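The values are calculated or read from the model by the stated rules, or taken from the named source; none is laboratory data. Just so you know, these numbers come straight off a predicted model, no measurement behind them. Every residue, glycine as well, gets a Cβ built from its backbone with ideal geometry; the counts of neighbours run over all protein chains shown.
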Amino acid sequence: MSQRTDVLLWAQRVLALTNAPAHQLLELKIDATIEQAQDAFHKIARTSHPDIHRSGLTPEELESVTLAYSRVAGAYQDFRSQRMQTSRMRPFKDAPPTPIPGLTPARPTTAPAPAKPASGATPAASTPAPAAPGSAAGSMNSKALIYYRKAELALRRGDLKGAMLQMKMAIAGDPQSTFLRSALVEIEAELAKSK
Amino acid sequence: MQILGACRYNFQMSVALGIDLGTTNSVAAIATPTGVEFILGPRGERVHPSVVAFPSSGGVVVGADAKRYRLTEPHHVIHSAKRFIGQNIRAPLVQLAMTGVRYRVEEGPNQQPIVVVRDRRMTMPEISSNVLLHLKRCAERQLGTPIKDAVVTVPANFTDGQRQATKEAGRLAGLDVMRLINEPTAAALAYGFGRDRQQVICVFDFGGGTFDVSILRLNGEVFEVLASEGDFFLGGDDLDRALGEVLAAECNRILRVDPRPHAALMMKLMMGAEAIKMHLSENDAAEGEIDGLDMPGAQGSRLPFQITRKQFEDLIAGYVNRTCEVTKQVLLTAGIDARSVSEILCVGGSTRIPLVRQRLAEVFRKEPNTKINPDEVVSQGAAIQAGSLVGNLSAGTGMGARDAVATTAHSMLGGGGNVVLPQQQAKRPILMDVNPATLAIQTAGGFTERLLDKNSPIPIERTRVFTTSRDNQTRVEIDCCRGEARRYTENEPLGTLVLDDLPPKPRGDLKIEVSFRVDADGILHVRASDQTTGIRQEAHLQVLGAPSAEDMPG
């Protein structure tokens, strides 16, 4: 069964490459294009995807092939996001801040980091952007409330456009609500600002 | 030589079931050497309602029979369990879903929703396991062989907790769930298996309770999901409810009684709404009356209705627009132009609504594929994947599956004329699915650091090295979350991993390696280790709302 030894050798090779750059795991040159990376990943999947080897390998062998494949997938994703970052436009002018490292990506840090809050002390729900008086949200009908909540979630993501759409849906569900309308106006104002 | 007529299946090969466990209906199928065979219910039906009844007469009734108890004992009929499974009961959307059901849902251990019927308390996986067990038994009766292995489909946007709970349901039903696959991916597999072509397709899955849309690239036997988006609380049930509310208002106006506090009456109106919705998919208007509305103080027990398709479309336009927005979004994420999509597969009963197809055609400037059966295609894909995983696929499965996919036997999908040896081993399909959400950990200052991006291929593992933020820190807590917000608290918390007894060192000196691994089922495994001492912590994250750790195998 050469197919079997092939995939095991491949897995060994991949697992030996700890901390190697993405292109090495994909067996590519450093200046490869996204298309080449995709082809390489597909080629690896065709020969080494763990699903193809389910019956031919022992559980331990299958585990190592799965792990190797998972790492290559991670490398492919790294490669893709590196390439995309250089070409993609930023959606908003005010780019999100770089994370203040606490438990931090390993690089020298000078910022005194506050103690992390104990787990479980996480507030159950933070106040959403257009602060909703509990009563206003409570008196909405269920359809409007669903979309209102979705609008909140979109706002938390910083997705103003999504929030606007959701808020419009909420208004469709409860056209009488002045609260929803004023919230929509707020979002639209934000959206105009960000443009 | 094969002995014909002895038995239909070679029992040396294991038979594995493909199951589409839906919000409202479930379908099961198996891959055979000549196609896909559906598992039939007691009355020969292919579609099994995902309904579990606990009638006063005792026992447990599942499927079409259970549905009949909806009118007489609405509080003892559990439907739409999929809306609760693996969810945190405190989530606002779950609270809302609770208002839409007539049975009692309470908070149980680990914030999971618990169904209370009379004096029985059951977890959601237990409820769903009844549906799975029913399908398993039907299959065993039909095929005359015990069945252990299964592939179960889940909505693409199911979370880690929902996936774990679904697997748990399978385990409780005595099934070994080999794999969970995403519903749109299963549909694509049913459509594309054995076609060996290069094309980009869109799967638009608008079911009873969930909505998903995925863009896939088919490249020979490789099925690569490029992007997937969805809305977990949007489905045909919402359309029924919208129409049901109108009927309730009519009821109030004509019969002078508000039906809303009456569970059985509202159920009746919702069922009426569902029937009207289906009628309007085929006809321009629906007219008739809903009878048997016996209410104290009502002026009559019949509610006449007259609804045109146009009126219904106005009512649901908001929901349909929302699905189109999500579709445009997913195209953007996939980096695919709408015109380069060569096929649009409609999955889920709600795609039968003409307005949905019409709006979809506007987005893609192309008519969606109407040849596939939206109710069955997902289970066919699951059956093909199940067959593939147990090594039981032949080229004939694909051809047959495609015939089953097409409503007419020799349609364009069949390709015609290809003679394939039935026992020829088919190329196993390779599914490259994606994880549905961004996964991150909390770093000090309350920000997040992303480990895995949304729409990354799975299975996947990514490792990053972190360090401590204080001098002599001997304990590190790694809070994991799901979501794209920069602030940790704005995301959905998944759980915490603790590394203890670290050697005291100046801050920044310890190297802590954190690995996120999402397996082929879409379930997250987190590992953290200190590179100097080799202290390791591995966790299957305990997700709030999921069955507690002692319930889980392993």
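Reported count of residues in segment A:23-41, each being facing another protein chain (nearest Cβ under 9 Å) and under 15 Å from residue A:7 (Cα atoms), is 1.
Among the criteria (1) facing chain A (nearest Cβ under 8 Å); (2) closer than 26 Å to residue B:385 by Cα, the one residue B:455 does not fulfil is (1). Just one of (1) among the acidic types (Asp, Glu); (2) modelled with pLDDT of 85 or more; (3) closer than 29 Å to residue A:67 by Cα fails for residue B:490. It is (3).
The single condition from (1) more than 26 Å from residue B:150 (Cβ to Cβ); (2) out of contact with any helix residue (DSSP H, G or I) (no Cβ under 6 Å at 6 or more places or on another chain); (3) more than 14 Å from every other protein chain (Cβ to nearest Cβ) that residue B:105 fails is (2). Just to be sure, is residue B:196 farther than 18 Å from residue B:186 by Cα, within 14 Å of chain A (Cβ to nearest Cβ) and either part of a helix (DSSP H, G or I) or not small (Gly, Ala, Ser) (or both)? No: the conditions fail for residue B:196. Among the residues of segment B:215-226, is any within 12 Å of chain A (Cβ to nearest Cβ) and under 15 Å from residue B:329 (Cα atoms)? Checking segment B:215-226: at least one residue is within 12 Å of chain A (Cβ to nearest Cβ) and under 15 Å from residue B:329 (Cα atoms). Which residues, counting only those in segment B:487-498, are touching a residue at least 12 places away in the same chain (Cβ under 8 Å) and touching a Lys or Arg at 6+ places or on another chain (Cβ under 9 Å)? Of everything in segment B:487-498, those that are touching a residue at least 12 places away in the same chain (Cβ under 8 Å) and touching a Lys or Arg at 6+ places or on another chain (Cβ under 9 Å) turn out to be B:487, B:491, B:492, B:493, B:494, B:497, B:498.
Would you say residue B:307 is more than 12 Å from chain A (Cβ to nearest Cβ) and farther than 25 Å from residue B:281 by Cβ? The answer is no for residue B:307.
Which is within 21 Å of residue B:262 (Cα to Cα) and modelled with pLDDT of 90 or more, of B:77, B:62? Steps first, please.
Numbers: B:62 fails: within 21 Å of residue B:262 (Cα to Cα).
Going through B:77, B:62 in turn, the sole match is B:77.
Within segment A:1-24, the set of residues being more than 23 Å from residue B:429 (Cα to Cα) and surrounded by 12 or more Cβ atoms within 10 Å (Cβ to Cβ) comprises A:12, A:13, A:14, A:15, A:17, A:20, A:21, A:22, A:23, A:24. Quick check: is even one residue across segment B:368-383 at pLDDT below 95 and more than 16 Å from residue B:191 (Cβ to Cβ)? The answer is no, given that none of the residues of segment B:368-383 is at pLDDT below 95 and more than 16 Å from residue B:191 (Cβ to Cβ).
Among the residues making up segment A:25-45, those that are crowded, with 16+ Cβ neighbours inside 10 Å and either out of contact with any strand residue (DSSP E or B) (no Cβ under 8 Å at 6 or more places or on another chain) or not aromatic (Phe, Trp, Tyr) (or both) are A:25, A:26, A:28, A:32, A:37, A:38, A:40, A:42, A:44, A:45. Where residues in segment B:154-177 are of a type in the set (Val, Ile, Thr) and not in a helix (DSSP H, G or I), which of them is farthest from residue B:482 (Cα to Cα)? Of everything passing the filter in segment B:154-177, B:177 is farthest from residue B:482 (Cα to Cα). Scanning segment B:531-540 for residues that are over 24 Å from the mean Cα position of the chain (by Cα) and more than 12 Å from chain A (Cβ to nearest Cβ) yields B:532, B:533, B:534, B:535, B:536, B:537, B:538, B:539.
Would you point out the residue of segment B:192-223, among those that are over 30 Å from residue B:85 (Cα atoms), among the small types (Gly, Ala, Ser) and buried (at least 21 other Cβ atoms within 10 Å of the Cβ), that is farthest from the chain's Cα centre (by Cα)? Among them, the one singled out is B:194. Looking at B:170, B:174, B:194, just one residue is at pLDDT 95 or above, touching a Ser or Thr at 6+ places or on another chain (Cβ under 9 Å) and over 30 Å from residue B:492 (Cα atoms), and that residue is B:174. Residue B:8 meets the conditions (1) surrounded by 16 or more Cβ atoms within 10 Å (Cβ to Cβ); (2) at pLDDT below 90; (3) not aliphatic (A, V, I, L, M) in every case but one. The failed one is (1).
Taken together, B:385, B:358, B:311 contain a single residue that is at negative phi and touching a Lys or Arg at 6+ places or on another chain (Cβ under 8 Å), which is B:385.
Can you name every residue in segment B:22-36 that is of a type in the set (A, V, I, L, M, F, W, C) and either more than 21 Å from residue B:125 (Cα to Cα) or assigned to a loop (DSSP other than H, G, I, E, B) (or both)? Scanning segment B:22-36 gives B:29, B:30, B:31, B:36.
Taking segment B:503-523 as the range and being of a type in the set (A, V, I, L, M, F, W, C) and within 12 Å of chain A (Cβ to nearest Cβ) as the test, the residues that pass are B:510, B:512, B:514, B:516, B:518, B:520. Residues of segment B:27-53 that are touching a Pro at 6+ places or on another chain (Cβ under 8 Å) and surrounded by 20 or more Cβ atoms within 10 Å (Cβ to Cβ): B:33 alone.
Of all residue pairs spaced 6 or more apart or on separate chains, those with beta-carbon atoms under 7 Å, a first member in segment B:274-287 that is in contact (Cβ under 8 Å) with a residue 12 or more places away in the chain and a second member that is basic (Lys, Arg) are B:280/B:309; B:281/B:352; B:284/B:309; B:285/B:309. Summed over segment B:462-486, the residues that are within 7 Å of chain A (Cβ to nearest Cβ), acidic (Asp, Glu) and farther than 23 Å from residue B:215 by Cα give a count of 2. Taking residues in segment A:145-168 that are farther than 18 Å from residue B:490 by Cβ, and partners anywhere that are surrounded by fewer than 21 Cβ atoms within 10 Å (Cβ to Cβ) and acidic (Asp, Glu), the pairs with Cβ atoms closer than 7 Å and at least 6 places apart or on different chains are A:164/A:188; A:165/B:325.
Per the listing B:519, B:509, B:501, the residue uniquely surrounded by fewer than 20 Cβ atoms within 10 Å (Cβ to Cβ) and in contact (Cβ under 8 Å) with a residue 60 or more places away in the chain is B:519. Could you list, in sequence order, all residues of segment B:118-153 that are in a helix (DSSP H, G or I), farther than 21 Å from residue B:166 by Cα and in contact (Cβ under 8 Å) with a residue 60 or more places away in the chain? Within segment B:118-153, B:142, B:143 qualify.
Out of B:385, B:358, one residue alone is of a type in the set (S, T, N, Q), surrounded by 18 or more Cβ atoms within 10 Å (Cβ to Cβ) and assigned to a helix (DSSP H, G or I). It is B:385.
Can you give me the number of residues within segment B:205-244 that are in contact (Cβ under 8 Å) with a residue 60 or more places away in the chain, out of contact with any Leu (no Cβ under 6 Å at 6 or more places or on another chain) and not in a loop (DSSP other than H, G, I, E, B)?
Within segment B:205-244, the first condition is being in contact (Cβ under 8 Å) with a residue 60 or more places away in the chain, and the residues that meet it are B:205-211, B:213-215, B:220-239, B:241-243.
Filter once more, so that each one left must be out of contact with any Leu (no Cβ under 6 Å at 6 or more places or on another chain): B:205-210, B:213-214, B:220-222, B:224, B:226-232, B:234-239, B:241, B:243.
Then keep just the ones that are not in a loop (DSSP other than H, G, I, E, B); that gives B:205-206, B:213-214, B:222, B:224, B:226-231, B:236-239, B:241, B:243.
The number of residues fulfilling the criteria is 18.
Residue B:528 fulfils the conditions (1) closer than 27 Å to residue A:51 by Cβ; (2) more than 7 Å from chain A (Cβ to nearest Cβ) except for a single criterion, (1).
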